[in-house]
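Only one structure is covered here, and it is reproduced in the block below.
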Amino acid sequence: MAQRVHRTDDTRPLIEPIADHVLSTERHGNAPAVVIRADQVQTVLSTLRSEAGLDHCACVTAQEYADRFETIYHLRRYADPTEELSVVVPTARESPTSESAAPVYPTAAWHEREAYDLVGIEYEDHPDLRRILLPETWQGHPLRRDYNQDQPQIVSFREHERLLEDRREGPETMHLNMGPHHPSTHGVLHLSAQLDGEQVAAVDPDIGYIHRCEEQMCQQGTYRHQIMPYPDRWDWGGAGLLNEWAYARAAEDLADIEVPAYAQVIRTMGGELSRILSHMLAVATYALDVVGEFTATFQWGVRDRELVQDILEDLTGQRLMFNYLRLGGVAWDLPEPREAFFEKIRAFLDDLPHKLTEYHDMLTSNEVLQLRTIDTGHLPAETAKAYGCTGPVARASGVDYDLRRDDPYGYYDELDWSVVTERGGDNFSRLLVRLREVEESAKIIGQCVDLLEDWPEDDREIQANVPRTLRPDPDAEIYRAVEAAKGELGIYIRSDGTDSPARFKIRGPSFSHVQALSEMVRGEYIPDLVATIGSLDTIMGEVDR
């Protein structure tokens with residue numbers, strides 16, 4: 001039985017090691033916050049990592065105020081994510097410059113590149129401060145208040161000169177472009193690879209090709225009605241209900257909305273159906289990536305996804321962009337007749353063990369796949385933590401971290417299930433974790449069906465009484481996350497007293513996983529690189545946002 005973990009109100013053990021560096025304190029909705037000087041970032045963060053045990057830099061948020069710029073480092077413990085602290089670093093408006101956190105938390109390097117790209121904050125001692133979502137020739141920083149949206153982006157040759165420089169790792173290496181339309185990149189991703197013979201000397205992932213302004217669209221929408229349709233589009237692999245839950249959890253905690261237990265059970269059941277939908281796609285496409293197995297495994301995966309999509313279509317009315325969750329609950333009750341709906345779910349669950357055996361026979365027992373995946377794409381546990389990896393990618397490296405258990409929400413802490421981990425840290429282990437997680441999701445769904453079947457008819461409350469217009473208190477801030485199919489999907493929201501967020505930041509798990517790719521493939525062969533990309537199960541919609 002998963003046990004609920006209670007967040008302590010005593011934050012002194014977290015702050016005491018850095019007390020001499022704290023300028024002031026704040027209280028965010030999820031955690032205490034400390035304000036520090038921009039020239040003491042590395043000192044403070046290294047102390048928090050070593051002495052307070054905050055080894056997980058979950059997210060970095062950059063934003064602009066009328067009088068300053070600000071970077072927020074959202075820190076947690078992998079061992080207990082309810083132990084968390086926000087480190088706020090203000091900088092002057094005239095020349096926003098701050099120390100980089102990358103020497104302490106390598107995962108911060110990409111987050112800070114994004115902050116530089118979109119907001120224009122400079123980070124001293126950053127290992128590679130350049131644009132990440134926009135082309136390097138882009139003029140200006142689009143999230144600044146004074147940014148001219150009408151300015152042309154046609155630039156002179158001198159702006160392109162740096163792009164033409166020879167950046168090879170050594171004189172004997174060969175440059176290879178993979179993508180941005182490569183069939184094995186699971187989205188629009190460009191890999192700039194340096195090869196030493198047939199081995200990978202270095203890889204620089206180049207993202208931003210599908211940048212979709214999701215955060216800005218959420219900032220323009222209202223909390224109550226207009227934001228919820230967007231999360232489905234961050235991960236179109238089927239995990240839409242889990243994405244919706246990430247937003248719902250953040251907004252509900254910000255507005256102090258209590259979700260009825262009946263709706264929590266429905267959310268939990270729907271969320272795990274979404275997880276199976278996502279994992280089936282990951283397994284099916286991985287067979288295609290690694291062994292070219294189209295005729296059996298790929299089609300099995302599509303077949304089983306269709307069965308889950310039929311169930312979710314009955315529940316939500318949609319097959320992909322579900323838009324089923326609402327702040328305070330869900331859009332409507334289970335479909336009628338309920339008995340037929342439950343029977344459809346049970347029929348799927350009853351057939352699943354036999355089908356999973358077939359997947360193992362065809363994939364995990366396949367000698368060709370084993371040769372391609374065992375001891376390739378190796379990611380040690382400490383490296384996974386350093387790059388902020390979560391979900392199946394981290395758990396396949398032995399990192400026992402799952403927000404459903406460690407920071408409980410929904411109905412997970414009332415159900416009997418287990419967190420799946422493997423210790424191999426390779427491509428094969430990541431495949432095993434996803435297949436085993438499908439089994440655990442099935443256990444959760446079955447228990448939810450049992451509960452819903454016996455739920456008293458007069459207590460089937462699907463939504464809390466939520467005001468038509470939500471206006472959280474001005475300057476309220478919160479970071480909340482759920483265990484999405486690919487890992488920790490977090491949302492930071494800052495309110496300004498209106499019915500729309502002043503800042504909406506999406507922390508997609510695939511962002512960190514693509515960043516870690518360069519550590520996983522160095523010294524391996526080109527086919528291993530393709531297998532490793534597939535094992536991450538990235539989706540570029542949540543990387544580029």
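Here r is the Cβ-Cβ distance between A92 and Q226 and R0 is 30 Å; the resulting FRET efficiency, rounded to 0.05, is 0.30. Normalised by the number of residues in the range 291-396, the mean separation of alpha-carbon contacts (under 8 Å, six or more apart) gives a relative contact order of 20 percent. Using θ = phi - 60° in the Karplus curve 6.51 cos²θ - 1.76 cosθ + 1.60, the 3J(HN,Hα) couplings for the range 91-99 round to 9, 5, 5, 5, 9, x, 9, 9, 5 Hz; x is entered for Gly and Pro. A crude spin-label estimate for the pair H354 and V22, with each label 7 Å from Cα along the Cβ direction, gives 6.1 nm. Taking the average, over residues, of other Cβ atoms within 10 Å as the packing measure, peptides 237-248, 339-350 rank 237-248, 339-350 from highest down. Using Cβ point charges alone (K and R +1, D and E -1), the dipole size of the chain about the Cα centre works out to roughly 720 debye. Note on the range 167-270: Rg/Rh from C-alpha atoms, Kirkwood Rh, equals 1.20. Considering only L452, L133, A19, and ranking their Cα positions along the charge dipole of the chain that arises from unit charges at the beta-carbon of Lys, Arg, Asp and Glu, the one farthest toward the positive end is L133.
Summary value for the range 394-476: 26 percent relative contact order, contacts being C-alpha pairs under 8 angstrom separated by 6+ residues.
For the range 328-469, a Kirkwood radius taken over Cα pairs fed into Stokes-Einstein (25 °C, viscosity 0.890 mPa s) yields D = 137 µm²/s. On full extension, the segment bounded by Q151 and I210 gains 19.1 nm, given 0.36 nm per residue less the C-alpha separation.
Two decimals, Cα atoms only, Kirkwood Rh: what is Rg/Rh over the range 239-373? For the range 239-373, the value is 1.06. Remark: the range 68-84, residue by residue, has Karplus-estimated 3J(HN,Hα) of 6, 9, 8, 10, 10, 9, 8, 9, 9, 9, 4, 6, 7, x, 6, 8, 9 Hz, where x stands for each Gly or Pro and the curve is 6.51 cos²θ - 1.76 cosθ + 1.60 at θ = phi - 60°. Excluding ligands, DNA and RNA, the accessible surface per residue across the chain is 39 Å² with a 1.4 Å probe.
Protein heavy-atom surface of the chain, 1.4 angstrom probe: 46% of the accessible area is carbon and sulfur, with nucleic acids and ligands not counted. Once the Cα-Cα distance is subtracted from the 0.36 nm per residue extended length, the T383 to S192 segment shows a gain of 66.6 nm. Per residue, the chain reaches -11500 deg cm²/dmol at 222 nm when only DSSP H runs of four or more residues are counted, each adding -39500 (n - 2.57).
Each 5 Å bin, from zero up to the one with the longest distance, holds this percent of the alpha carbon pairs of the range 493-545: 4, 18, 20, 14, 12, 9, 7, 6, 5, 3, 1.
According to the Kirkwood relation over distinct C-alpha pairs, the hydrodynamic radius of the range 452-492 is 14.3 Å. Cα-based values for the range 262-316, radius of gyration first and Dmax second, are 13.2, 44 Å. Beta bridges assigned by DSSP with both partners in the chain are antiparallel in approximately 90 percent of cases. For the chain, the alpha carbon convex hull comes to 148 Å³ per residue, rounded to a whole number.
The values are calculated or read from the model by the stated rules, or taken from the named source; none is laboratory data. Just so it is clear, the structure is predicted and the values come from calculations on it, not from any experiment. Heads up, the Cβs are rebuilt from the backbone with ideal geometry, glycines too, and the neighbour counts pull from every protein chain shown. Ligands, DNA and RNA are stripped out before the accessible areas are found, and what is left, the full protein with its side chains, is counted by its heavy atoms. Shrake-Rupley method; radii C 1.70, N 1.55, O 1.52, S 1.80 Å.
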